[in-house]
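Asker: Below are the structure tokens for one structure; questions will follow.
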Amino acid sequence: MTSQALTGQASVSSYALPTRLLATDQSLSPAVLRTTLALMMFPHGAQKALGWFGGYGWSGTMGFLTEQIGMPSAAAALVILLELLGPVLLLVGLGTRAVALGFIGLMLGAIVTVHAQFGFFMNWSGAQSGEGFELHLLVIGAAAALVLTGGGRWSIDGRLTRHAR
């Protein structure tokens, strides 16, 4: 008898990997964290994609990311879509780990390409010529916690994996 048969564990299959990526317990903390992160990130995505909240909209943001930052157009479009649609996915708890990983990459990229030169602190007093990266570190920490825990209670991820077990 194999050790898998003795322990009752299934072998890793192509079906098991998506289930493991979506798996979460029913804790309330991840639900609170993903909801808070979604509510914080959505206005940033709406600024970039839709021009809401004083943003530059799709074309202005694409111009900044491709011309000023030097990103390829496809990558710039993915950044904008991640910031717009990622919070919606987080809010309902679908693909929580993938969205959270995307936010980590996004924030690291923003720190390296734009914000590190202005130091740690946000520009609360208007004395700097740009914003520091303290908010970006907070997003990275929240997203890292979601990568580790999954979506938690009331997530579609949890509902999907509960039926797959």
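Asker: Conditions first: (1) touching a Phe, Trp or Tyr at 6+ places or on another chain (Cβ under 8 Å); (2) part of a helix (DSSP H, G or I). E131 passes all but one, so which condition is the exception?
Answerer: The failed condition is (2).
Asker: In the list L90, L108, which residue meets the criterion of being surrounded by fewer than 16 Cβ atoms within 10 Å (Cβ to Cβ) and within 17 Å of V79 (Cβ to Cβ)?
Answerer: Working: L90 fails: surrounded by fewer than 16 Cβ atoms within 10 Å (Cβ to Cβ).
Residue meeting the stated conditions: L108.
Asker: Looking only at region 87-101, which residues are part of a helix (DSSP H, G or I) and either hydrophobic (A, V, I, L, M, F, W, C) or free of Cβ contacts under 8 Å to residues at least 40 places away in the same chain (or both)? It would help to see each step written out before you state the result.
Answerer: Here is the first cut: in region 87-101, the residues part of a helix (DSSP H, G or I) are 87-92, 96-101.
Correct list: V88, L89, L90, L91, V92, A98, V99, A100, L101.
Asker: Continuing with the same structure: How many residues are surrounded by 15 or more Cβ atoms within 10 Å (Cβ to Cβ) and either at pLDDT 95 or above or within 16 Å of the chain's Cα centre (by Cα) (or both) when one looks only at region 138-155? If you could, list the steps in order and put the result at the bottom.
Answerer: Going residue by residue through region 138-155, those that are surrounded by 15 or more Cβ atoms within 10 Å (Cβ to Cβ) are 139-140, 142-143, 145-147, 149-155.
With either at pLDDT 95 or above or within 16 Å of the chain's Cα centre (by Cα) (or both) added as a condition, the list becomes 139-140, 142-143, 145-147, 149-152, 155.
Here the count works out to 12.
Asker: Taking the condition surrounded by 15 or more Cβ atoms within 10 Å (Cβ to Cβ), modelled with pLDDT of 95 or more and either farther than 29 Å from G158 by Cβ or touching a helix residue (DSSP H, G or I) at 6+ places or on another chain (Cβ under 7 Å) (or both), does G57 pass? Can you show your working first?
Answerer: On the way: surrounded by 15 or more Cβ atoms within 10 Å (Cβ to Cβ): yes; modelled with pLDDT of 95 or more: yes; either farther than 29 Å from G158 by Cβ or touching a helix residue (DSSP H, G or I) at 6+ places or on another chain (Cβ under 7 Å) (or both): yes.
Considered against the rule, which asks whether it is surrounded by 15 or more Cβ atoms within 10 Å (Cβ to Cβ), modelled with pLDDT of 95 or more and either farther than 29 Å from G158 by Cβ or touching a helix residue (DSSP H, G or I) at 6+ places or on another chain (Cβ under 7 Å) (or both), G57 comes out as yes.
Asker: Ok, one more. Considering only residues that are surrounded by 17 or more Cβ atoms within 10 Å (Cβ to Cβ), part of a helix (DSSP H, G or I) and not charged (D, E, K, R), which ones fall in region 60-86?
Answerer: Step one: filter region 60-86 for residues surrounded by 17 or more Cβ atoms within 10 Å (Cβ to Cβ), giving 61-62, 65, 71, 76-77, 79-80, 82-84, 86.
Now restrict to residues that are part of a helix (DSSP H, G or I): 61-62, 65, 76-77, 79-80, 82-84, 86.
If the condition is that a residue be surrounded by 17 or more Cβ atoms within 10 Å (Cβ to Cβ), part of a helix (DSSP H, G or I) and not charged (D, E, K, R), then T61, M62, L65, A76, A77, V79, I80, L82, L84, G86 are the ones that fit.
Asker: Mind listing whichever residues of region 58-85 are within 24 Å of T35 (Cα to Cα) and without any contact (Cβ under 8 Å) to a residue 12 or more places away in the chain?
Answerer: Scanning region 58-85 gives a single hit, L78.
Asker: Another question, if that's okay. All but one of (1) under 11 Å from the mean Cα position of the chain (by Cα); (2) modelled with pLDDT under 95 hold for F121; state the number of the condition that does not hold.
Answerer: (1)
Asker: To continue, here is another question. Give region 111-128 a look and list any residue that's of a type in the set (A, V, I, L, M) and either surrounded by 14 or more Cβ atoms within 10 Å (Cβ to Cβ) or outside any loop (DSSP other than H, G, I, E, B) (or both), or say none.
Answerer: First pass over region 111-128, keeping only residues of a type in the set (A, V, I, L, M): 111-112, 114, 116, 122, 127.
Correct list: I111, V112, V114, A116, M122.
Asker: Would you be able to say whether some residue in region 21-28 is surrounded by 15 or more Cβ atoms within 10 Å (Cβ to Cβ) and more than 18 Å from the chain's Cα centre (by Cα)?
Answerer: yes
Asker: Something else: Which one of the conditions (1) of a type in the set (S, T, N, Q); (2) assigned to a loop (DSSP other than H, G, I, E, B); (3) at pLDDT 95 or above does T24 fail to meet, given that it meets all the rest?
Answerer: All conditions are met except number (3).
The values are calculated or read from the model by the stated rules, or taken from the named source; none is laboratory data. Everything quoted here is computed from the prediction, not taken from an experiment. Backbone-built Cβ (ideal geometry, glycine too); neighbour counts: all protein chains shown.
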